[in-house]
Amino acid sequence: MKEKLKQIKEEALKQIREAGAPDALNDVRVNILGKKGALTALLKGMKDIAPEDRPKVGQLVNETRQEIETVLDGARKKMEQIIREEKMKEEIIDVTLPAKKNSVGHRHPITIALEEVERIFIGMGYEVVEGPEVETDYYNFEALNIPADHPARDEQDTFYVSGDILLRTQTSPVQARVMEKGKLPIRMIAPGRVFRSDEVDATHSPSFHQIEGLVVDKNITFADLKGTLAEFAKELFGEDTKVKFRPHHFPFTEPSAEVDVSCFKCKGAGCRFCKGSGWIEILGCGMVHPHVFEMCGIDPEEYTGFAFGIGLERISLLKYEIDDMRLLYENDIRFLKQF
Ligand code: DAH
């Protein structure tokens, strides 16, 4: 019996010495001390021992068990200590390494231009509203006096979601959406993304931004339109900026005009920037067409109004003297950081 115990102890110590990981130590515990372990098996053999010897043998077995447990615990602690030390070494922090810099982003020049335009109109008492980018043919064209087959549709080919649902080609549909609600008077701007199936080049992109403006009230005249846009141009490009209204045609305004501002680089003398003319085109505008009023349920005999549409990229390119629109969409932080 003693011999057997010694054997078990030696085997246990050997296994403990050879164990390379805490899991292996656990296996030793199970193999020797566990329910089906060698030492337990020995205890089960007690019935074959003479009753008077049993207490002694029992004591011996217990002593052996205790010894093995002590060695096991010691080995486990040592092993854990080594693992902890290795982990500490791995996780050591080198305080002499340079710190990670948090790179802060930068507002996009289109956003800067938009916020500037919004600031100017909010200052004049305008409300900022939004309309959907996915629009119906009705709001994008019909309600703006552009029926099917109208030649104005040629210039504004777009992406169709389905027959009557399309990506809006202009922010003008927001005019109809706001007027339809019937809350008068109206003084709003509606900035947003618009789409056209145009090829990408220095001045075109299939997706760009506009800011629509609309004022509807009693006794609104073309003089109000002129005064408003002249003030806007001065705030945006400088106090000595002049505006010029050139007659134009838009289906949803009558009369309509395109607005040029005096070149803020050469003050109108003519330079490369304004292609020698002294003027730079910045927007389209006009008096709301009576037919548009009628379609939106507003009586054109009682109310008049003006509308305008500004190309946001164009404003941003002009203001920051960027000569290629594609630069705005590349999102190269080295470029964007300059504004
Ligand atoms: N929606 C026009 C376009 O995309 C721009 C425009 C012109 C808007 C005249 C207006 C306006 O509100 O009155 O070409």
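Name every residue in region 237-249 that is of a type in the set (A, V, I, L, M, F, W, C) and at pLDDT 95 or above, in order of residue number.
Selection gives Val243, Phe245.
Read through the list (1) modelled with pLDDT under 95; (2) under 25 Å from Tyr160 (Cα atoms), then give the number of the only condition that Lys265 fails.
(2)
Would you say Gly125 is part of a loop (DSSP other than H, G, I, E, B), within 24 Å of Ala233 (Cβ to Cβ) and touching a residue at least 24 places away in the same chain (Cβ under 8 Å)?
In short, yes.
Just name the residue that is nearest to the ligand (Cβ to nearest atom) out of those in region 160-169 that are in contact with a helix residue (DSSP H, G or I) (Cβ under 7 Å, 6 or more places away or on another chain) and within 24 Å of Thr111 (Cβ to Cβ).
Thr169
Go over the candidates Thr64, Thr111 one by one and state the one that is within 30 Å of Phe232 (Cβ to Cβ) and polar (S, T, N, Q).
Unique residue meeting the criteria: Thr111.
Give me the residue from region 141-159 that is surrounded by 12 or more Cβ atoms within 10 Å (Cβ to Cβ) and farther than 24 Å from Glu180 by Cα and, out of that set, farthest from the ligand (Cβ to nearest atom).
Top of the filtered list is Phe159.
Would you confirm whether any residue within region 104-113 is over 29 Å from Pro206 (Cα atoms) and either at pLDDT below 90 or crowded, with 18+ Cβ neighbours inside 10 Å (or both)?
Yes, because at least one residue in region 104-113 is over 29 Å from Pro206 (Cα atoms) and either at pLDDT below 90 or crowded, with 18+ Cβ neighbours inside 10 Å (or both).
Within region 177-204, take every residue that is at pLDDT 95 or above, surrounded by 13 or more Cβ atoms within 10 Å (Cβ to Cβ) and not in a strand (DSSP E or B) and give me the one that is farthest from the ligand (Cβ to nearest atom).
Filtering region 177-204 for residues that are at pLDDT 95 or above, surrounded by 13 or more Cβ atoms within 10 Å (Cβ to Cβ) and not in a strand (DSSP E or B), the one farthest from the ligand (Cβ to nearest atom) comes out as Leu184.
Looking at region 315-336, can you tell me whether even one residue there is without any contact (Cβ under 8 Å) to a residue 60 or more places away in the chain and within 16 Å of the ligand (Cβ to nearest atom)?
no
Output the qualifying pairs, or none if there are none: Cβ atoms under 8 angstrom, residues six or more apart or on different chains, first residue in region 173-186 and touching a residue at least 24 places away in the same chain (Cβ under 8 Å) and at negative phi, second residue assigned to a helix (DSSP H, G or I) and hydroxyl-bearing (Ser, Thr, Tyr).
Cβ pairs passing all conditions: Pro173/Tyr139; Ala176/Tyr139; Arg177/Tyr139.
Residues being over 19 Å from Thr253 (Cβ atoms) and in contact with a strand residue (DSSP E or B) (Cβ under 9 Å, 6 or more places away or on another chain): count how many of those fall in region 136-152.
Total satisfying the criteria: 2.
Would you confirm, using the coordinates I've provided, whether Cys274 is hydrophobic (A, V, I, L, M, F, W, C), under 36 Å from the mean Cα position of the chain (by Cα) and either surrounded by fewer than 20 Cβ atoms within 10 Å (Cβ to Cβ) or outside any strand (DSSP E or B) (or both)?
yes
For the subset of region 279-299 comprising residues that are part of a helix (DSSP H, G or I) and closer than 18 Å to Glu212 by Cα, which member is farthest from the ligand (Cβ to nearest atom)?
Only one residue tops the list, namely Phe293.
With the requirement that a residue be of a type in the set (Ser, Thr, Tyr) and either assigned to a strand (DSSP E or B) or within 10 Å of the ligand (Cβ to nearest atom) (or both), what does region 231-256 give you?
Thr253, Ser256
The values are calculated or read from the model by the stated rules, or taken from the named source; none is laboratory data. No experiment lies behind these values; they were computed from the predicted model shown. Quick reminder, even Gly has a Cβ in these numbers, built from the backbone with ideal geometry, and neighbours come from all protein chains shown.
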